[in-house]
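What follows draws every value from the coordinates through simple rules; no lab data is involved. Note that the structure is predicted; figures quoted are calculated from it, not measured. Every residue, glycine among them, receives a Cβ derived from its backbone with ideal geometry; neighbour counts consider all protein chains shown.
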């Protein structure tokens, strides 16, 4: 058997976490270094995957398969294809960078880094698991550390936010569990294998597919989050400490969209078509509603949280289109949003560390005071509002293009969201960076090296994908093309 | 098989009886509870050794009164495991140090023996006799802190409720005798398979018999005793009461309803579904508002009884296996949780959830262990409680009891709230600084057994599932 590279990527953080548990809690430096090293190792291995990935092969690569619970045909089955590779890379990258950003955590570091590393393992596992049972286990493993990370190190309303997040997602995923079981018993060979189930898609009746689709939808829509299941998100984002907000926006929200692409659509093809219009409508609601609510916010983090709701609407719209362009846009949008929203949360954290407030109205004129910070904030804001030449534009454009092919009116409405998005981002930049300097901040220090270190790789990716999108698209295109063909969508 | 030939198959029970008398005698000489505890532990260990060394009996024992098949062997094993852990917990419980340790262990050993006879019963009269033996021993154990007003109240409640439900059951048994002319379960099964009996009459008898079992399993509407008894009893006994009678009750439900009365499945499947829904919903909803952790776990254990009953309501082979597996996992996580409560109450001298604030700082290990057990009870993977719930849900979905599965799923989400509430106090609230007291070795051992149990069952359930699949009546 070859070197189990995927298992290593997934379980290296957990190994690091167990080592952290053995380090005395006063040795904060060693704890931080251990966490950094293990997340970095995991990141390096996933970069290796990018190099060794075979573009012409649309099947699963680097597969690992071991029998786990033979009594009910459960396997430890991992693998990546073009759909999961980008998100896996994104997760390892953000895990590493947010780990560096976590060095600022100043109490209970040992517990923090243990939970943080456990969280990383859970998130990574979700993107490589090919057995529904295993997928569910990783999916749920994410919840517990997240609950603690928000609940212990969060802001003033942390306990409320943590329990709300926990119960919302668990309630959703319990329905998903029922869906998983329904698929198992309906499949002719009684399997949890995602690939085998997808191959047997035609044996499921449409009525059954619709029911199961709804069950999965409840699990995934809470994570995406799709209106009206989004209300946990602003609370969790606002209360979570900065690095956790980064992972929430950057990775956790992608788990829902990934679930649609990996499970709902391939396995429940008929139901996917049945719900296409519904997806488009929900996408448009997310885009426009999220943008409007974001505009009304005075809390910086809350504004970005709602902008996430809006941006995830493009994923829904792209998926609804059933075109190759739309699917490409949706998947790339997930990746791009992970990078951009992650960076924006890091930037809010930078500001909050210095000012101890996130009230947008309390700033002003910082542009001259902290020029490097101002530059970065502007670039990432432009990326987020979809300025051509930066990553966000490419994926949003592709989603809209795909959407327009299938649902013209809904897409026209969705485009309105882009204008509002531009509005609230520029309004934010104006309130924070321009105008007269608020005397309170006259001693504010510019961004420091550690913060710059976490933002630079993200900046490079945003620019690279913006200029040369094929860099990312070539990974995902073949797999999505196969999926579209199986779904009977348009290869447009 | 006649009595003399049968004796070798009940060596485990005989060992427990003998050792319980030995403990009483030793109690006159030694007042040290640890010596008596170790003697009791070795009794349980020896019994387990004999239980698993001997093969299951070829046929019914004692003129068809008992049957030591692989099914009863399994449940006897669970009972012994439960007794073992409870004795370990008792050895570390602060309030028991000077109070009649010999009598205490004597009663636990006898209660365990009663359960072993109960799960092996093949005759309704034998069921009744051993059920009463279990009730009496439990009742004394519950009132063991006799100066305490809650203890007296709970013992009285347990006794009256128990007597009430036993009386109903006895009526059911006499009714069954009237129909079948026998109380032998295998003969009843044979008569039923022939047919020509009035199904409604049989069903009526069964409903009455169900009352006695429902009391032991704390199923709605026979659950009312649980919260008060859980609160008033000494915590190790609460742990015992929350697990052992449930083992017995569910084993009997499985044997009587799914084996002997299997031909009436259609009749009681609906009844079980209804009771299951009521039990888990009532348990979970009331648990949410509890402020005492023992009361909260009482309602949570009612809810878990509801989940287990799903497997019986479904009645398929997978359903039975799921219920049997659930009981196994439930044993570890519930006993573990109570062991943690004993440990924490040793230092904070309170069972109020609010007093658990900041517990992680004072007692990092017991705080972590309790969090794990609660998460397992909440059904979070990869712990044992998740797999148990998974199998129960699977059984429901397979048999197309979709509504039942959906209600169970909603209930699980509600349950998370109150488990997480305790975890919130432990980890998220500010600590009230108090001195931690040292952890007694037996308690550490109990925690070790239960914690490794929930992890091993959760991560590598294969051997256990294989064992359970091989069980037969």
Cα gyration tensor shape for the protein assembly as shown, rounded if a/c is under 1.5, else prolate or oblate: prolate
Which angle between 0 and 90 degrees, to the nearest 10, do you get for helix A:449-467 versus the longest principal axis of chain A when only C-alpha atoms count? 50 degrees
Hey, what number do you get for chain B at 222 nm if only DSSP H runs of n ≥ 4 count, each worth -39500 (n - 2.57), divided across all residues, to the nearest 500? -25500 deg cm²/dmol
Please rank B:53, B:389, A:110, fewest neighbouring Cβ atoms within 10 Å first, as an exposure proxy. B:53, A:110, B:389
Once the piece of chain linking residue A:474 and residue A:44 is laid out straight, how much longer is it, given 0.36 nm per residue of separation minus the C-alpha distance between them? 152.7 nm
When A:379, B:256, A:463, A:20 are ordered from fewest to most other Cβ atoms inside 10 Å of their Cβ, what list results? A:463, A:379, B:256, A:20
Percent relative contact order for chain A, counting Cα pairs under 8 Å at least six residues apart, stands at 15 percent
Shape of region B:231-387 from its Cα gyration tensor (a ≥ b ≥ c, root eigenvalues): rounded if a/c is under 1.5, otherwise prolate when a/b > b/c, or oblate? prolate
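Helix-only mean residue ellipticity at 222 nm, chain A, DSSP H runs n ≥ 4 weighted -39,500 (n - 2.57), per residue, nearest 500. What is it?
-24000 deg cm²/dmol
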What angle do you read, to the nearest 10 degrees and between 0 and 90, between the alpha-carbon axis of helix B:124-142 and the longest principal axis of chain B? 10 degrees
Placing each pseudo-label 7 Å from Cα in the direction of the beta carbon, residue A:30 and residue A:298 end up separated by a distance in nanometres of 4.8 nm
Relative contact order, percent, of chain B when contacts are C-alpha pairs under 8 Å separated by at least 6 residues? 15 percent
By the gyration tensor of its Cα atoms, with a ≥ b ≥ c the square roots of the eigenvalues, what is the shape of region B:263-352: rounded for a/c under 1.5, prolate for a/b over b/c, or oblate? oblate
Computed over chain A: longest principal axis from alpha-carbon atoms vs helix A:82-101 long axis, angle to nearest 10 degrees, is 30 degrees
Quick note on B:280, A:146, B:133, B:169, ordering by fewest other C-beta atoms within 10 Å, gives B:133, B:169, A:146, B:280
